[in-house]
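As structure tokens, the structure follows; a few thoughts come after it.
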Amino acid sequence: MTEVLLDTHTFIWALSNSAELSAEARGLLSRPEINKMLSLVSVWEMAIKIGTGKLKLPVSLESSLRTARGAGLKLVTIDL
């Protein structure tokens, strides 16, 4: 199975259906056979930016992650 690790911007752009997300990335994310992953580091980064007022999401981060995980997104833990 092919896997893709979304960076923070890609995740945010996908959530907000932003034009910043390339057609190629949008196509990859729409393919059900691709295992989509997001690092907990990205979640941490978004939480910090939300807390400082530098990031606004269309819905809460918790709700966004719940929806994304329900659609098959896997969270990748931090390991040394």
(request) Would you please name the GluC sites (Glu not before Pro) within segment 1-33 that are DSSP coil residues with at most 13 other C-beta atoms within 10 Å of their C-beta? (result) GLU20, GLU33
(message) Treating only the Cα positions of the chain as identical point scatterers, give the base-10 log of I(q)/I(0) from the Debye formula at each q in 0.18 Å⁻¹.
(response) -0.75
(request) Amide H neighbours of LEU55 under 5 Å, at least 5 residues apart or on other chains, H built in the peptide plane: list them. (result) ILE50
(request) Consider a paramagnetic label point 7 Å from the Cα of MET1 along Cα→Cβ; state which residues of segment 65-80 have an amide N under 17 Å from it. (result) 68-77
(request) Wrap a convex hull around the Cα atoms of segment 27-71, take a quarter of its surface area, and give that in square nanometres. (result) 3.7 nm²
(request) Could you calculate the contour length gain from ILE78 to ASN35, that is, 0.36 nm times the residue separation minus the distance between their Cα atoms, to one decimal place in nm? (result) 13.7 nm
(request) Work out the length of the dipole vector of the chain about its Cα centre, built from +1 on the beta-carbon of each Lys and Arg and -1 on the beta-carbon of each Asp and Glu, and round it to the nearest 20 debye. (result) 260 debye
(request) Please report, as a whole percent, how much of the solvent-accessible surface of the chain comes from carbon and sulfur atoms (probe radius 1.4 Å). (result) 58 percent
(message) Suppose all protein chains stay in the model; what accessible area per residue would a 1.4 Å probe give for the chain, in Å²?
(response) 69 Å²
(message) Using the Cα centre of the chain as origin and beta-carbon charges of +1 (Lys, Arg) and -1 (Asp, Glu), tell me which of ILE34, LEU57, LEU21 is placed farthest towards the positive end of the dipole.
(response) LEU57
(request) In whole Hz, with x marking every Gly and Pro, tabulate ³J(HN,Hα) for segment 14-28 from phi via Karplus 6.51 cos²θ - 1.76 cosθ + 1.60, θ = phi - 60°. (result) 5, 4, 9, 6, 6, 5, 5, 6, 5, 4, 5, 5, 4, x, 4
(request) Taking amide H positions as placed in the peptide plane 1.01 Å from N, state which residues far from ASN35 in sequence (5 or more) or on other chains have amide H under 5 Å from it. (result) THR2, GLU3, VAL4
(request) Please give, to one decimal in nm, the separation of the simple spin-label points placed at LEU55 and ARG69, each 7 Å out from Cα toward the Cβ. (result) 1.6 nm
(message) Residue by residue through segment 3-11, what is 3J(HN,Hα) from phi via Karplus (6.51 cos²θ - 1.76 cosθ + 1.60, θ = phi - 60°)? Round to whole Hz and write x for glycine and proline.
(response) 10, 10, 9, 6, 7, 4, 4, 4, 4
(request) Might you report the magnitude of the Cβ-based charge dipole of segment 35-80 about its Cα centre, with Lys and Arg at +1 and Asp and Glu at -1, to the nearest 20 debye? (result) 160 debye
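The values are calculated or read from the model by the stated rules, or taken from the named source; none is laboratory data. As the structure is a prediction and not an experimental result, all values here were calculated from the model. In this analysis, Cβ positions are derived from the backbone assuming ideal geometry, glycine residues included, and neighbour counts consider all displayed protein chains. Accessible surface areas use protein heavy atoms only, side chains included; no ligands, DNA or RNA. Shrake-Rupley method; radii C 1.70, N 1.55, O 1.52, S 1.80 Å.
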